[in-house]
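The values are calculated or read from the model by the stated rules, or taken from the named source; none is laboratory data. Treat the numbers as computed from the prediction; the structure is a model and nothing was measured. Reconstructed Cβ throughout: ideal geometry from the backbone, glycine too, with neighbour counts over all protein chains shown.
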Amino acid sequence: MGAEPGLSARTCSIWICFLMTKTLILPAEVMSRELDARLLQGVMALDRGWRVITGSKALLNRIIWRLPPSVYLCQTVTHKRRKLLDLIARLGHISYGWDEEGLIYLNRETYLSRRVSSQTLELLQEFITWGEQSSADVEERAGAAGLVPKPWGNPRFDLLRPELRDLYRKEVDELHRQYGDYILVNTNYGMVNPIISIDPNKPKKAAKQDRGSADLPVKYSEFVEYRRTIFEAFKDMLAPMARQFPDMTIVVRPHPGEEFSTWAELGQGIENLEIVREGPSIPWQIGAKALVHNNCTTAAESACIGHTPIAYCPVFSEENECGLPNLISHRVDTLDALMVAIKAAVEGQLEMSADQRAVLDHHVANVSGPMCTRQVLDLCEELYQKQQATKQSGMSKQLAKSIGAARNLHKSMRINHQTDIYIPKVFPEIEPPVIAARASLIAETLNLPFAVNATQLSKNVFELHKVAPS
């Protein structure tokens, strides 16, 4: 059969290539936390011949119905994600996933109940974990879904490797120019200082078989109050810290899920205290003279960079401690001890022990050795071949497209919905030239022979393209 009237042979061949191109979709929820890692994976995928689409997770998922079938990254496996994954599968996509927040959690039972859904896992082809500890914790549930967890780490931590830190050199230099020597305070109190109004004690939706023991809600409520106590202590420590180190800047970076104004109010009237959320977190950690936290993922990032984080623990409850961040940190429980520890860190006198390094390696895979991103892309190649061998019913796909379009229309008509308030706070609007420049810098850092252009498919959703370097 010939081409339709008006369509040239060249146009037809372009469309055939478009339909045959292997496509990778890489959503990101929090720009400052994940975008660089998605661009790293995207740039390396371009080098392998993939078509790459990335951007805001929420906005990308709204237009998934009009995107080509892909190998799709699912970055959360909570119970509510199952409906979207079912729709994605019926649209012809094939999914693999990990839990972006699966490195730091209270304990196995709470983690599985709140963040790992049996029904969601059943819709994935592969599941990647942060390391041996999280693999062991999800092994039984993943196995019931027919999956063997792969303890490969996360592309975010590939960016911490010495060979990729040049990506942040100019940003680190600019931070030092603007703030001088600084002490970094990273917070993670979203459950008690949320960016949108929520009840932190409200149980997460979960299938009956995933809910855990009957007393789990009570235990979690105790954990919330424990975190609230530490949150108040962190607010109280800032003024004394600023007085103790008058020649340094105290930089507080609230977690993306926290209400910024709570911290901004504390910064008023203290000359050397800055509350900042802009930019990716990694350059801030590379450039810091000391990092202060409590049970924060950034402690693991800082340790991978080669720093020794400081955990300020004004109260302590073993059953309310998460498994990793404070264990790999220099722990202090009083303000006086905190000031001594910060001084030692500034002078380069704090070091992690061999036991702490072993704990880090048990929780975070591929701190050295194979890059997680390369392993993930090898897996994506296998999934693409599997996708090609799977036939999708045309009628089923058309119905799924109609459902996806209706879903998008419904969400676009909402007014003042909490999710719509949350989205621009964690993924502010960004333009294609900014995406292109960042991706091109990553390509240059990787010594790849191309630059990257970005075209906008929808608000905060972009396709990456290889172009000749300028």
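The residues of the range 322-349 that are closer than 21 Å to A233 by Cβ, part of a loop (DSSP other than H, G, I, E, B) and touching a His at 6+ places or on another chain (Cβ under 8 Å), listed by number, are L324, P325, S329. For P428, indicate whether it is under 21 Å from R33 (Cβ atoms) and either of a type in the set (A, V, I, L, M, F, W, C) or in contact (Cβ under 8 Å) with a residue 12 or more places away in the chain (or both). Answer is yes for this residue.
Taking the range 57-131 and the strands (runs of 3 or more DSSP E) fully enclosed by it, the elements with 1 or more residues that are more than 20 Å from the chain's Cα centre (by Cα) are at 94-97.
Okay, residues lined up against (1) more than 28 Å from the chain's Cα centre (by Cα); (2) surrounded by fewer than 17 Cβ atoms within 10 Å (Cβ to Cβ):
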site	(1), (2)
D361	no, yes
N366	no, no
E382	no, yes
K386	no, yes
Q398	yes, yes
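Of the candidates M371, M339, M352, the single residue that is touching a Lys or Arg at 6+ places or on another chain (Cβ under 8 Å), buried (at least 16 other Cβ atoms within 10 Å of the Cβ), under 23 Å from Q285 (Cα atoms) and modelled with pLDDT of 95 or more is M371. Close contacts from the range 446-470, counting a first residue that is closer than 29 Å to P162 by Cβ and a second that is of a type in the set (D, E) and assigned to a strand (DSSP E or B), with Cβ to Cβ under 8 Å and a gap of 6+ residues or different chains, come to A454/E463.
Regarding R243, is this residue closer than 18 Å to N188 by Cβ and basic (K, R)?
no
Looking across the range 90-116, just one residue is of a type in the set (G, A, S) and either more than 30 Å from R51 (Cβ to Cβ) or in the same structural domain as K219 (by TED's automatic domain parsing) (or both), and that is S113.
Only one residue in G153, G146 is buried (at least 22 other Cβ atoms within 10 Å of the Cβ), in a loop (DSSP other than H, G, I, E, B) and on the phi > 0 side of the Ramachandran plot. Which one?
G153
Of G153, G146, all but one fail to be within 25 Å of L26 (Cβ to Cβ), within 18 Å of the chain's Cα centre (by Cα) and in the same structural domain as L39 (by TED's automatic domain parsing); the exception is G153.
In the range 253-270, is there at least one residue being part of a loop (DSSP other than H, G, I, E, B), more than 21 Å from I305 (Cβ to Cβ), touching a residue at least 24 places away in the same chain (Cβ under 8 Å) and more than 30 Å from the chain's Cα centre (by Cα)? Within the range 253-270, one or more residues are part of a loop (DSSP other than H, G, I, E, B), more than 21 Å from I305 (Cβ to Cβ), touching a residue at least 24 places away in the same chain (Cβ under 8 Å) and more than 30 Å from the chain's Cα centre (by Cα).
Taking residues in the range 91-107 that are hydrophobic (A, V, I, L, M, F, W, C), and partners anywhere that are in a loop (DSSP other than H, G, I, E, B) and surrounded by fewer than 22 Cβ atoms within 10 Å (Cβ to Cβ), the pairs with Cβ atoms closer than 6 Å and at least 6 places apart or on different chains are I94/Q125; I104/C322; L106/C322.
Yes/no matrix, rows are residues, columns are (1) among the aliphatic types (A, V, I, L, M); (2) farther than 24 Å from N447 by Cα:
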| site | (1), (2) |
| --- | --- |
| A37 | yes, no |
| V43 | yes, no |
| L46 | yes, no |
| G49 | no, no |
| T54 | no, no |
| K80 | no, yes |
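Restricted to the range 123-165, and to residues that are in contact with a strand residue (DSSP E or B) (Cβ under 8 Å, 6 or more places away or on another chain), aliphatic (A, V, I, L, M) and in contact (Cβ under 8 Å) with a residue 40 or more places away in the chain, which residue is nearest to G42 (Cα to Cα)? The residue in question is I128.
Here I282 fulfils each of the conditions (1) in contact with a Phe, Trp or Tyr (Cβ under 7 Å, 6 or more places away or on another chain); (2) surrounded by fewer than 20 Cβ atoms within 10 Å (Cβ to Cβ) apart from (2). For the range 234-252, the tally of residues that are in contact (Cβ under 8 Å) with a residue 40 or more places away in the chain and surrounded by 16 or more Cβ atoms within 10 Å (Cβ to Cβ) stands at 11. Does the range 316-328 contain any residue that is in the same structural domain as T187 (by TED's automatic domain parsing), surrounded by 14 or more Cβ atoms within 10 Å (Cβ to Cβ) and farther than 17 Å from L106 by Cα? No: the range 316-328 contains no residue that is in the same structural domain as T187 (by TED's automatic domain parsing), surrounded by 14 or more Cβ atoms within 10 Å (Cβ to Cβ) and farther than 17 Å from L106 by Cα. For the range 321-367, the set of residues classified as more than 24 Å from Y182 (Cα to Cα), among the acidic types (D, E) and touching a residue at least 24 places away in the same chain (Cβ under 8 Å) consists of E321, D361, listed by residue number.
Just one of the numbered conditions (1) surrounded by fewer than 19 Cβ atoms within 10 Å (Cβ to Cβ); (2) farther than 22 Å from T297 by Cβ is not true of V224: (2). Among all positions in the range 409-429, there is no residue which is over 26 Å from S281 (Cβ atoms), out of contact with any strand residue (DSSP E or B) (no Cβ under 6 Å at 6 or more places or on another chain) and surrounded by 17 or more Cβ atoms within 10 Å (Cβ to Cβ).
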